[in-house]
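Derivation of every value follows stated rules applied to the coordinates shown; laboratory data play no part. Predicted model only: the values in this text are computed from it and were never measured. Backbone-built Cβ (ideal geometry, glycine too); neighbour counts: all protein chains shown.
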Amino acid sequence: MRIVSLVPSLTEAVAATLPGALVGATDWCTHPAGLDVARVGGSKYPDLDRVLALRPDVVLVNVEENRAQDADALRAAGVELYVTYPRTVDEALDELGRMLTALGAPGEPDWLTTARAAWAALPASATPRRAVVPVWRRPWIVLGGGTFAGDVLHRLGVANVYADDPERYPRPSLADLHAQAADLIVLPDEPYAFTRDDGPEAFPGTPCALISGRHLTWYGPSLTEAPTLLTTQLTTT
């Protein structure tokens, strides 16, 4: 099977499970390191001619990460798509299993079994910390309701204060962010690369945790280490 992935986390999952099946991936597919496949541009703006030139049997896409018009154009060109859209950790684990089986994996890979066990072993949090979770600034954009990353944090004892917002990615003012009186500001390093010098200064007096955006938002082999790594990062403020 010839697979092109337009989703970085799925690129990592397929590369770890079906070596040699990937023939193309986006420029943002950084894992595994040293992946040697054709590059087809970005997730949001892939070069569809390059995708088609690779003669894929299937192209992996995500409802949130990829544009509907690109998916429609690939379908119109006769390309089969495998579409993902997990909103919770459990959905992601199950969806990965189904996808890999559909792509030809003979059984559940060890990394996926390990990831299921790692998330199942997490203790329940008695007193979750209320957090604001920016994913961009200029303008400020935060996690809202129904996101995979929001469920990751919920499982780790962090309650997103915008979890009930009807928008998946609200754009509140900085004044509104301050008015939430959150216990914690969670600052991932992607899609916006928050750092010690870029982000925390906007929230004086509130603890800020700098965390791995890949482990917060990717659903793939990174899920095996995400519980331990993120727990450590969330307590380092």
**OP:** Return the whole-Å distance between the Cα centroid of the range 71-129 and the Cα centroid of the range 1-25.
**Re:** 14
Original post:
Considering the dipole of the chain built from charges on the beta carbon (Lys and Arg +1, Asp and Glu -1) around the Cα centre, which of 23, 213, 120 is farthest to its positive end?
Top reply: 213
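Over the range 1-124, what number does the Rg to Rh ratio reach, with both radii from the alpha-carbon atoms and Rh per Kirkwood?
Values: Rg = 14.5 Å, Rh = 14.8 Å.
Computed over Cα atoms, the ratio is 0.97.
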Original post:
residue 48: net charge of surrounding residues, Cβ under 14 Å, Lys/Arg +1, Asp/Glu -1, itself excluded?
Top reply: +2
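Under a point-charge model restricted to the Cβ atoms of Lys and Arg (+1) and Asp and Glu (-1), what is the dipole moment magnitude of the range 1-122 relative to its Cα centre, in debye to the nearest 20? Display every interim value, and only then the final one.
Numbers: 10 positive and 17 negative charges, 40 e Å.
That gives a dipole near 200 debye.
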Original post:
For the chain, what value does the Rg/Rh ratio take when both radii are computed over Cα atoms and Rh is the Kirkwood radius, given to two decimals?
Top reply: 0.99
Subject >> Calculated log₁₀ intensity ratio I(q)/I(0) where the Debye formula runs over C-alpha points of the range 129-234, q = 0.12 Å⁻¹ >> reply: -0.34
